[in-house]
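What follows is one structure encoded as structure tokens, with my remarks underneath.
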Amino acid sequence: MILNQFLVLASLLFALGVYGLLARRNAVAVLLSVELMLAAVNINLVAFEATLRSTFATGQIFSIFVITVAAAEVGIGLGIVLMIFRNRTSGNVDELDLMKW
Amino acid sequence: MVNLLALVPTILATAEGEEGHAVELVSGGVFADWAGIMLVLPFLAFAGIIFYGTRMKHLGAELAIGAMAVNLAWASVLFVSNMVEGIFHEFSVEIADIGVVGDHNLVFELGFIVDGLSIMMYWLVAFVSLLVFIYAVGYMHGDVRVTWFFASLSLFAGSMLVLVGAPNMVQLIIGWEGVGLASYLLIGHYWEEKENSAAAIKAFLTNKVADVGLVIGVIVLGITLGGFRFSTLNQAAADHAEGLAGVAVAAGFLLFIGAMGKSAQFPFHIWLPDAMAGPTPVSALMHAATMVTAGIYLMARTFPLYQNLAMDARDWMIPIGVITLFAMGLLALVADDIKKVLAYSTVSQLGYMMTAVAAGGYTAGLFHLFTHAFFKALLFLAAGSVIHAVHSNNMSDMGGLKKDMPYTYWTFVIGSLSLAGVIPLAGFWSKDEILATLNHEGYVAFMWVAVLGAFVTAFYMTRAVGLTFHGSYKGDGRPHESPKIMYVPLVALAVPSVVAGVFNIPGVSLGPIGNFTDWVGARVVAMGDHHPEAIEWNLAAYGLIAAIAGIALGWLLYGRDAETQQARDSFELPGLYPLLRHKYYIDDLVLAGLVNPIKGPIARATDWINTYVIDTIVNAVGFLTAAVGRLVYGGLDQRGIDAGFNALAGSAGEAGRALRLLQTGKVQQYAGAFVIGAVLLVAGFVIFT
């Protein structure tokens, strides 16, 4: 069954993203991991759409929305990271404690 | 015993006239229905003056005058209606249940009565009060506590209206005491000086002693009759009701004791001359229409009781009236204070009224009350005008004011002539009727005393006129006539002082309006007093000769040339003069025999009670309060309530300190928590579906 293979790929990609999100210290790498997770979700959406064939191609349209939002998010995220690099000379996430009480 | 209340018709009633023909009484229409407004208005004015008086241009006098002007208009309508047709209207509303006494359920009622007698009093009180109030605006200008003064005046007039409008004896007592209270406030108006407040206390206490008689009398009558209404009392008296007959003499005499206090009859007269301590408008009001007439009014209101049942009480009342009219008149001869001359004159004239009413002359007494109100108010206001100009009460500081104060002089002379009883002024006719009554009822000896009293009256009034207005001026500065606001009321009072006599010339009826006898005779129970059919010229001649002789002698001694006047005024009869000067030693007797023996021990006993009883109680209460306070503060507040709140606040703080450790600020830890949470949710979703 071809859907299962897509789902396995998506879950692997998602797990990879989760690992990167939790384990990498570099802020850019963390952002990349988030993109991986979003890509995994997109694969899922497109795979289900290809299998189930809804009237309005909902899965594909939704994935385009996700890509758009992800692009905006990365734009903001990279801007924040850039500012942190400039001010603190380090992009490591574990050294950032701005949100501590 | 029959229910006497059922005998009393409330709206329309007929009464048997003296000649046996029925006197038709009408209900009087809307003005009679709402006559109670007259009783309430002065009290509204009182409250208004208290709260807003100081913000007004004339410090509240406007309200007092306004209320009294409405009252006068209202009373005038009733007065004129009553001239044409006799009015009777009675209104009572039950206020409280006193309880069952014997066979009767006694109730406390308030209301008003509108009949010939009360209409005459409503009108007289309103008329004199209005003029006195207007006069007082000028007299009290720039004085101390003017607002309070006018408030008290309103209270005074209002209480008097409550008194004369009372349909029952309990309301009468309320008005009676209200008058006493207001007079106390007004006599003591200048309380900064000890003797003024002492005079106020003396007036109040003397009245209080006499009031005991009134209160007991009312209780006796109330229990006997089963009600306090005058209509019940008078009807029962007219019917010679058995229960009432037994107590009539005692009750009548008790009521008379109350009347003696208010109307300053011997030996309760001692307060009235001292009451001169108040401002002169108060004296005018007190001596003319309000206060002292209350006793005469009470005797007139309960007249059927004395006429039918309490004849024996009269044997005491008439001599007391005669002693008062003669002995007190003599005291006016030696007084130097012009107001005291007038005060003793009032006491003497009240003696005339009391004698007349006691002797069975209902109309005679009331007519003298009516005319006396005009000329005595006039004389007091004129005396006030003189005092205003001279700044002294003593006639030894006056003299020769005739040219400087023409209005005051001529009105004072008119008042004096009227009081002396010179034909055809008002005082002549009323005094003549009293003489005629005494003669007709068989009290010839007393009539001659009254004639002698008329001589004394004429003499001391001529003396007052001579010392005040003739001769040479002995005071400081140059006196001047009083402002218009003060002499206009004088002129307004001088008119009725001259003409009021025509309303009751014996045998003369003024066409449709009848005469004074008919006016005050408009009552449910017939008065049954004697009315002379024609002028008894021999009696009139006695009175007139006495008056003219008094005036002539007074003029001879005090009226003529200035140089000898002073020497004549210091002329003293040995023996008699010290006696009169010391007021027959009655005041000293009362002080030494009654007041001081009571005052000392009472003061000591009160002091002892204060020190040992009241102070102990107060201290104990204070100590107890402090102990309770300490207990509440230390035990309850500090250890109980405060501790609870502190524990709550502390635990909230601890929880906050512990929970904030979760906020590490590490983004990846938060993300880890998300992941774990998401996994758990998905796992739960998978498992439970």
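The contact residues of the range A:11-51, meaning those that lose at least 20 Å² of 1.4 Å-probe accessible area when all protein chains sit together rather than their chain alone, are A:18, A:21, A:22. If you build a Gaussian network model of chain A, linking Cα atoms that sit under 10 Å apart, which residue out of A:65, A:56, A:14 swings the most? Evaluated over chain A, the most mobile residue of the options is A:56. Between helix B:615-631 and chain B, what is the angle of the helix's C-alpha long axis to the longest principal axis, kept within 0 to 90° and rounded to the nearest 10? Helix B:615-631 sits at roughly 20 degrees to that axis. Note on residue B:73 and residue A:72: their simple-model spin labels are 8.4 nm apart, each label 7 Å out from Cα toward Cβ. Pairs exceeding a 20 Å alpha-carbon distance, out of B:339/B:599; B:402/B:431; B:339/B:474; B:402/B:484; B:339/B:376; B:208/B:376: B:339/B:599; B:402/B:431; B:208/B:376.
Partners of residue B:340 within straight-line reach, counting aspartates and glutamates whose Cα lies under 20 Å from its Cα and excluding those fewer than 8 residues away in the same chain: B:193, B:195, B:274, B:397, B:569, B:572, B:587, B:588.
For the range B:389-505, the relative contact order comes to 50 percent (Cα pairs under 8 Å, sequence separation of at least 6). For the range A:75-101, a reduction of at least 10 Å² in accessible area between the chain on its own and the assembled protein chains (probe 1.4 Å) is found at A:93, A:94, A:96, A:97, A:99, A:100, A:101. For the set B:282, B:613, the ranking by accessible area, highest first and with no ligand, DNA or RNA atoms included, is B:613, B:282 under a 1.4 Å probe.
With 0.36 nm allotted per residue and the present C-alpha distance subtracted, the residue B:584-residue B:193 stretch has 138.2 nm of extension available.
A DSSP coil position with no more than 14 other Cβ atoms inside 10 Å describes the following trypsin sites (Lys or Arg not before Pro) in the range B:375-462: B:403. Projecting the Cα atoms of B:482, B:382, B:326 onto the dipole axis of chain B, where Lys and Arg carry +1 and Asp and Glu carry -1 at the beta carbon, places B:482 farthest toward the positive end. Simple point charges give the picture: +1 on the Cβ of Lys and Arg, -1 on the Cβ of Asp and Glu, and for the range B:208-366 a dipole about the Cα centre of about 240 debye.
Rolling a 1.4 Å probe across all protein chains gives residue A:68 an accessible area of roughly 80 Å².
A Förster radius of 51 Å combined with the Cβ-Cβ distance from residue B:596 to residue B:643 puts the calculated FRET efficiency at roughly 0.20.
On the protein heavy atoms, probe 1.4 angstrom, tell me the percent of accessible surface of the range B:571-689 carried by carbon and sulfur.
On the way: 6990 of 9410 Å².
The C+S portion of the solvent-accessible surface of the range B:571-689 is 74 percent.
Over the residues of chain B, the helix contribution to mean residue ellipticity at 222 nm works out to -21500 deg cm²/dmol, using -39500 (n - 2.57) for each DSSP H run of at least 4. Once the C-beta distance of residue B:316 and residue B:510 is scaled by a Förster radius of 56 Å, the resulting FRET efficiency is 0.90 to the nearest 0.05. Relative to the current alpha-carbon distance between residue B:685 and residue B:606, full extension at 0.36 nm per residue lengthens the span by 19.0 nm. In chain B, the longest principal axis of the Cα atoms and the axis of helix B:61-84 are about 50 degrees apart.
Counting DSSP beta bridges with both partners in the protein assembly as shown, what percentage is antiparallel, nearest 5?
90 percent
Here the dipole of chain B is about 2460 debye; that uses its Cα centre as origin and unit charges on the Cβ of Lys and Arg (positive) and Asp and Glu (negative).
Label zone (residue B:485, point 7 Å along Cα-to-C-beta; backbone nitrogen cut-off 16 Å) within the range B:42-64: B:53-64.
Taking all protein chains together and rolling a 1.4 Å probe, residue B:615 ends up with roughly 60 Å² accessible. Sorting B:34, B:271, B:123, B:448 by solvent-accessible area of protein heavy atoms yields B:34, B:448, B:123, B:271, largest first, with a 1.4 Å probe. Accessible area per residue for chain B is 41 Å², calculated with a 1.4 Å probe on protein heavy atoms, without ligands, DNA or RNA.
The alpha carbon centroids of the range B:483-524 and the range B:133-163 are separated by 25 Å. Using Cβ point charges alone (K and R +1, D and E -1), the dipole size of the protein assembly as shown about the Cα centre works out to roughly 3320 debye. Across the protein chains, with a 1.4 Å probe defining accessible surface, the residues B:387, B:219 rank B:219, B:387 from largest area downward.
Compute for chains A and B the buried accessible surface, both sides summed, probe 1.4 Å, and express it in Å² to the nearest 100.
What A and B bury together is about 1100 Å².
Seen against the Cα atoms of chain B and their longest principal axis, helix B:484-499 is set at about 50 degrees. Each residue, residue A:8 and residue B:181, gets one label point 7 Å from its Cα in the Cβ direction; the gap between the two is 11.0 nm. Remark: relative contact order (chain B) = 13 percent; criterion is Cα-Cα distance under 8 angstrom and separation of 6 or more residues.
For residue A:84, the solvent-accessible surface computed with a 1.4 Å probe is close to 30 Å², ligands and nucleic acids excluded. Within the accessible area of the range B:36-101, the carbon and sulfur atoms contribute 73%, probe 1.4 Å, all protein chains present. Label zone (residue B:212, point 7 Å along Cα-to-C-beta; backbone nitrogen cut-off 15 Å) within the range B:239-259: B:254-255, B:257-259.
Here chain A has 72 percent of its accessible surface on carbon and sulfur atoms, given a 1.4 Å probe and all protein chains in place.
The values are calculated or read from the model by the stated rules, or taken from the named source; none is laboratory data. Please read all numbers here as calculations on a predicted model, not as lab measurements. Positions of Cβ are generated from backbone atoms using ideal geometry, with glycine treated the same way; all protein chains shown enter the neighbour counts. Ligands, DNA and RNA are stripped out before the accessible areas are found, and what is left, the full protein with its side chains, is counted by its heavy atoms. Shrake-Rupley method; radii C 1.70, N 1.55, O 1.52, S 1.80 Å.
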